[in-house]
Amino acid sequence: MSQLTIRVSHENYGSSGRYVATLPGIDGEAELTWRSGGPGIIVADHTYSPDTMRGTGAATAMVQRLIDDARRQGLLIVPACTYVRAQFDRHPEWADLRAGEG
């Protein structure tokens, strides 16, 4: 099985934004959307992967990018999306970034 190269980009609209994952040769894009939850807090509110990208690791890659960006920018995350919440539950080392439930 060949290793897929997942490309994750970030679109910031000020008080909201999204992470977008694409894979070469696969139609569609996965997304993780977020909105401001107040100063220093972002609310991860939705994650979606089309059927063509399920099981590829695209959603996990977007959450990891969210975590990396939050650490770098000194932000806390409210994992309002069930997928992001499940990832936080699987990664206790991210507990310092968890702002609460939204």
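What's the magnitude of the charge dipole for segment 17-80 around its Cα centre, counting Lys and Arg as +1 and Asp and Glu as -1 at the beta-carbon? Answer in Debye, nearest 20. Walk me through the numbers before you get to the answer.
Values: 6 positive and 7 negative charges, 53 e Å.
Dipole about the Cα centre, nearest 20: 260 debye.
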**OP:** Considering only DSSP beta bridges where both residues belong to the chain, give the percentage that are antiparallel (nearest 5).
**Re:** 80
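Counting alpha carbon pairs within less than 8 Å and at least 6 residues apart, what relative contact order, in whole percent, applies to segment 7-92? Can you show the working numbers first?
Values: 147 pairs, mean separation 21.3, N = 86.
Once normalised by length, the contact order is 25 percent.
So which trypsin sites (Lys or Arg not before Pro) in segment 18-102 pass both tests, a DSSP loop state and at most 15 other Cβ atoms within 10 Å of the Cβ? Let's see the in-between values first.
Working: sites: 18, 35, 54, 65, 71, 72, 85, 90, 98; in loops: 54.
Sites meeting the loop and neighbour criteria: 54.
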**OP:** Send over the per residue convex hull volume for the chain, Cα only, as a whole number of Å³.
**Re:** 102
Subject >> Acute angle (nearest 10 degrees) that the helix 58-73 long axis makes with the longest principal axis of the chain, alpha-carbon atoms >> reply: 40
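Tell me which chymotrypsin sites (Phe, Trp or Tyr not before Pro) from the chain have a DSSP coil assignment and no more than 14 other beta carbons within 10 Å of their own. Each step should come with its number before you reach the end.
Numbers: sites: 13, 19, 34, 48, 83, 88, 94; in loops: 13.
When the chymotrypsin sites (Phe, Trp or Tyr not before Pro) of the chain are filtered for loop state and at most 14 Cβ neighbours within 10 Å, 13 remain.
None of the figures in this text is laboratory data; all of them are computed from the coordinates on show. These numbers come from a predicted model, not from an experiment. Positions of Cβ are backbone-derived with ideal geometry, glycine not excepted, and every protein chain shown enters the neighbour counts.
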